[in-house]
Amino acid sequence: MIEVRGLSKAFGEKVVLKDFNFTFEQGKSNLIIGESGTGKSVLIKCMVGLIHPEEGQVLYHGKDFLTMSYEEQKEVRQQIGMLFQGSALFDSMTVQDNVMFPLTMFTNMTKGEKEARMQFCLDRVNLPQAAKLYPAELSGGMKKRVAIARAIAVKPRYLFCDEPNSGLDPKTSILIDELIKEITLEYDMTTLVITHDMNSVLEIGDKIAFLHKGQKEWEGTRKEILYAENEILSKFVYATKFLQHFRSKLQAEKDSLTKGD
Amino acid sequence: MNPIAIIAHIGQYFLLLGRVFRKPEKSNVFWQRFFHEVNAIGIGSLGIVAIISIFMGAVITIQAAFGFESPWIPLYAVGLAARDSIILEFSPTIVSLILAGKVGSSIASELGNMRVSEQIDAIDVMGVNSASYLILPKIAASVFIFPFVVTISMFLGHIGGFVLGVAAGVVTPYEFIYGIQYEFRPYNVVYALIKTLFFGFIIPSVSAYHGYYTKGGSLEVGQSSTRAVVYSIIVLLLFNFLLTQLLLA
């Protein structure tokens with residue numbers, strides 16, 4: 001479980017995150033949604049220490065990450081698997097070396113053990129034949145899956161995903177969402193997903209926070225989000241034609257029920 | 001650039017060095033990367049260093065012969081002048097300037113590209129000290145291999161001067177060999193190698209600094225690479241002056 005309390009971040013005069021509070025629950029996919037430029041990526045970067053916030057606490061199982069020593073932060077980071085927007089695979093390494101990188105750095109596994117774990121992870125993301133390829137030889141979806149394989153190699157307690165579906169076709173997006181959902185349950189991880197893809201929200205959003213202009217505007221579940229009475233959230237949720245159609249139907253049902261009464 | 005920005009850069013450079021010189025996560029990984037960098041930085045530069053050294057040695061010899069046309073100056077002075085030019089300045093400084101262009105731009109663009117594609121962030125998030133993991137092997141490899149490269153350059157410079165100088169008819173083999181042995185001071189080689197050690201530190205560290213803190217996209221990676229070469233050369237020339245003053249004056 002990760003608790004974020006009163007997190008604020010500004011770049012000069014521009015406040016990008018203001019008094020953000022949220023509890024990311026273990027074994028669940030916790031989603032942060034919002035339009036581009038609302039501070040979602042800044043939030044995730046503050047939580048892993050890539051950006052230093054002005055105020056607030058990030059509690060990993062009760063211990064504040066921001067006040068930890070460098071060595072303590074390193075220990076927490078070794079339990080984090082992160083999936084970056086652009087996958088962030090190491091160009092100069094093969095897929096095999098990418099997946100084995102955290103194992104090489106943090107375990108005393110033998111070469112055979114590392115290779116077995118690497119193959120297990122690649123099998124898990126349905127890329128059993130990709131070990132010898134370089135990132136440049138992979139498609140966008142394959143890169144994301146390799147990044148997931150690398151993230152789960154050391155069996156992390158926390159999985160952070162920064163827009164895992166960006167640049168992917170709808171079918172591959174669904175595959176990635178399903179994979180994130182499955183491994184969250186499999187490893188009982190605290191998963192945080194940053195997204196503005198409503199398909200992902202409805203597919204995996206166990207717990208959702210909606211960010212607007214750096215502030216948490218709404219909090220709920222995927223079941224609640226479609227019926228939420230928040231105008232700003234509704235504008236975001238029903239921005240797509242498909243969901244606009246759904247809302248019209250919903251409204252029509254509501255109206256007919258009112259008339260019936 | 002204003003003075004405050006320069007001071008800020010210097011401060012940030014030393015803060016980065018503070019992170020670079022932390023104990024590596026895994027010593028076997030460090031040595032693996034060290035030898036990889038020795039190969040990339042040192043062995044990979046030998047070709048260009050060899051070509052430049054041979055021809056520069058020849059040009060220095062011919063120019064010395066051209067300048068010593070007076071009958072009062074003995075012909076062996078050509079070898080002597082070529083030797084001192086090659087050992088004192090050409091091999092340690094000019095070769096290092098060439099390496100600043102080749103190695104410096106390569107380091108800055110590699111790290112810059114890793115920064116803008118979030119690969120450095122990925123290393124940090126995993127709990128690995130990215131500065132130490134990426135930069136320390138490069139600095140250690142350069143400090144280790146530069147003296148060898150410069151020594152090879154000195155040797156090839158003399159070979160070039162001898163072969164091409166004799167072939168051009170500006171000096172005889174005997175006079176050239178007598179000249180390069182005449183009043184030879186081993187301290188000159190020590191001075192050159194001390195300078196090289198400093199240059200071996202300056203080039204990768206200054207270049208890595210520019211690459212590591214790249215912001216933006218591919219355009220900025222190119223700009224970082226250019227800045228890395230320019231600043232490496234400026235710092236290198238400054239230290240060349242300071243070290244010459246300290247060691248020879």
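See the values below:
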| read-out | value |
| --- | --- |
| Options A:T67, A:T94; residue that is β-branched (V, I, T) and in contact with a Leu (Cβ under 9 Å, 6 or more places away or on another chain) | A:T94 |
| The listed residue being of a type in the set (F, W, Y), more than 26 Å from the chain's Cα centre (by Cα) and in a helix (DSSP H, G or I), out of B:F148, B:F176, B:F144, B:F155 | B:F176 |
| Selected residue (only one of A:I80, A:I44, A:I51 is surrounded by fewer than 21 Cβ atoms within 10 Å (Cβ to Cβ) and either within 14 Å of chain B (Cβ to nearest Cβ) or at pLDDT 90 or above (or both)) | A:I51 |
| Conditions (1) at the interface with another protein chain (Cβ under 8 Å from one of its Cβ atoms); (2) under 28 Å from B:S27 (Cα atoms); number of the one not met by A:Q85 | (2) |
| A:G112 being more than 12 Å from chain B (Cβ to nearest Cβ) and either among the aliphatic types (A, V, I, L, M) or touching a residue at least 24 places away in the same chain (Cβ under 8 Å) (or both) | no |
| A:S87 vs. criteria of a type in the set (G, A, S) and at pLDDT below 90 | yes |
| Elements of type helices (runs of 4 or more DSSP H) in segment B:85-129, at least 1 residues being β-branched (V, I, T) and either within 14 Å of chain A (Cβ to nearest Cβ) or closer than 13 Å to A:A88 by Cα (or both) | B:105-116, B:119-125 |
| Among the residues listed as A:T172, A:T184, the single one being at pLDDT below 85 and hydroxyl-bearing (S, T, Y) | A:T172 |
| Positions within segment B:25-34 being over 25 Å from the mean Cα position of the chain (by Cα) and within 11 Å of another protein chain (Cβ to nearest Cβ), in sequence order | B:E25, B:K26, B:N28, B:V29 |
| Residue match in segment B:200-219 (condition: over 11 Å from the mean Cα position of the chain (by Cα) and on the phi > 0 side of the Ramachandran plot) | yes |
| Residue check, A:D97 surrounded by fewer than 22 Cβ atoms within 10 Å (Cβ to Cβ), within 21 Å of A:M142 (Cα to Cα), within 24 Å of the chain's Cα centre (by Cα) and more than 8 Å from chain B (Cβ to nearest Cβ) | yes |
| Any hit, segment A:117-126, residues being modelled with pLDDT under 90 and buried (at least 20 other Cβ atoms within 10 Å of the Cβ) | yes |
| Matching residues, segment A:13-34, being surrounded by 15 or more Cβ atoms within 10 Å (Cβ to Cβ) and more than 22 Å from A:D206 (Cβ to Cβ) | A:V15, A:V16, A:L17, A:K18 |
| Odd one out for A:H61 among (1) surrounded by fewer than 17 Cβ atoms within 10 Å (Cβ to Cβ); (2) at the interface with chain B (Cβ under 9 Å from one of its Cβ atoms); (3) modelled with pLDDT under 90 | (2) |
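Conditions tested, residue by residue: (1) more than 25 Å from the chain's Cα centre (by Cα); (2) surrounded by fewer than 21 Cβ atoms within 10 Å (Cβ to Cβ).
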position: B:I87; (1), (2): no, no
position: B:I94; (1), (2): no, yes
position: B:L97; (1), (2): no, yes
position: B:A100; (1), (2): no, no
position: B:I107; (1), (2): no, no
position: B:L111; (1), (2): no, no
position: B:Q119; (1), (2): yes, no
position: B:I139; (1), (2): no, no
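The values are calculated or read from the model by the stated rules, or taken from the named source; none is laboratory data. Computed from a predicted structure; not experimentally measured. So basically every Cβ, Gly included, is an ideal-geometry build from the backbone, and we count neighbours across all protein chains shown.
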